[in-house]
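The structure appears below as structure tokens.
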Amino acid sequence: MKPAIILASASPSRQRLLKSVGISPTVVVSGVDEEDSSYSQLSPRELVIALAIVKAHTVKEKINYPAIIIGCDSTFEFEGKSLGKPGTPENAIARARSLSGKSGVLHTGHCFIDTDKGIEISDVVSTRVHFAQMTDHEIAGYVATGEPLNVAGGFTLDGLSAPFIAGVEGETSNVIGLSLPLLRNAINSLGYEWFELIS
């Protein structure tokens with residue numbers, strides 16, 4: 001019997017991404033506090049892998065059946081700082097103005113746990129994102145949609161900000177929130193074939 005696929009995230013983008021390649025995950029939200037002060041001294045790469053592992057293990061404690069748990073966390077590194085979710089329109093506007101015409105690196109930490117085999121795989125994938133020049137009118141219009149408030153970095157490659165992303169260096173699905181090539185490699189490393197787990 002194939003294991004269930006559990007996404008330890010409420011992210012609609014990650015759900016859509018998995019469904020686009022034929023995986024319909026069960027969503028079990030971890031409830032982990034991403035703003036806990038204990039994470040404040042970590043580098044962006046350290047932060048995302050720590051949170052991905054904590055989320056996956058938190059969800060592991062909530063279930064009692066064979067499953068592959070996918071825990072993820074993303075942040076955007078810009079000029080040496082970790083930019084999480086803007087949270088407010090004011091922050092989102094300031095963020096978009098600072099990113100306009102520049103680039104940064106989107107880091108996504110991944111943790112995959114096979115509860116039946118007792119195997120855990122974790123890694124970080126980093127992708128450089130280049131932004132077009134944006135006018136104040138475009139920024140105000142984008143922020144007014146509400147989309148950037150609750151996404152890492154304040155932008156999405158699969159949403160309304162896509163026209164303002166001038167280029168991507170590296171793995172593209174990672175920018176959406178989950179690296180599909182890494183997921184495939186993890187599934188193979190766990191002893192499964194990719195199409196075994198497609199629903």
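Things to note:
- Heavy-atom accessible surface of the chain, averaged per residue, reaches 47 Å², computed with a 1.4 Å probe.
- Kirkwood Rh, angstrom, the stretch 1-45 [1 / mean 1/r, Cα pairs]: 12.6
- Straight Cα distances below 18 angstrom link Lys117 to the lysines Lys2, Lys60, Lys62, with same-chain residues fewer than 8 positions distant left out.
- Shape call, the stretch 90-199: gyration tensor on alpha carbons, a/c limit 1.5: prolate
- Ligands, DNA and RNA left out, the accessible area of the stretch 61-172 computed with a 1.4 Å probe is 51% carbon and sulfur.
- Computed extension gain for Glu79 through Ser189, at 0.36 nm per residue and net of the alpha carbon distance, reaches 36.1 nm.
- Remark: the chain carries a charge dipole of roughly 260 debye about the Cα centre, counting +1 on each Lys and Arg Cβ and -1 on each Asp and Glu Cβ.
- Bridging of Lys55 to aspartates and glutamates at a Cα separation below 16 Å is possible for Asp33, Glu34, Glu35, Asp36, Glu46, Asp73, Asp114, Glu120, Asp123, once same-chain residues fewer than 8 apart are set aside.
- Each label was represented as a point 7 Å from its Cα along the Cα-to-Cβ direction; for Asn150 and Lys19 these points are 1.6 nm apart.
- Only Lys, Arg (+1) and Asp, Glu (-1) charged, at Cβ; the stretch 104-199 dipole about Cα centre in debye: 120
- For the stretch 53-199, with +1 on Lys and Arg beta carbons and -1 on Asp and Glu, the positive-most of Gly159, Ala96, His57 along the dipole: Ala96
The values are calculated or read from the model by the stated rules, or taken from the named source; none is laboratory data. In this text the structure is predicted, and so the values were computed from the model without any measurement. Cβ: placed from backbone, ideal geometry, glycine included. Neighbour counts: every protein chain shown. Calculation scope for accessible area: heavy atoms of the full protein, side chains included, ligands and nucleic acids excluded. Shrake-Rupley method; radii C 1.70, N 1.55, O 1.52, S 1.80 Å.
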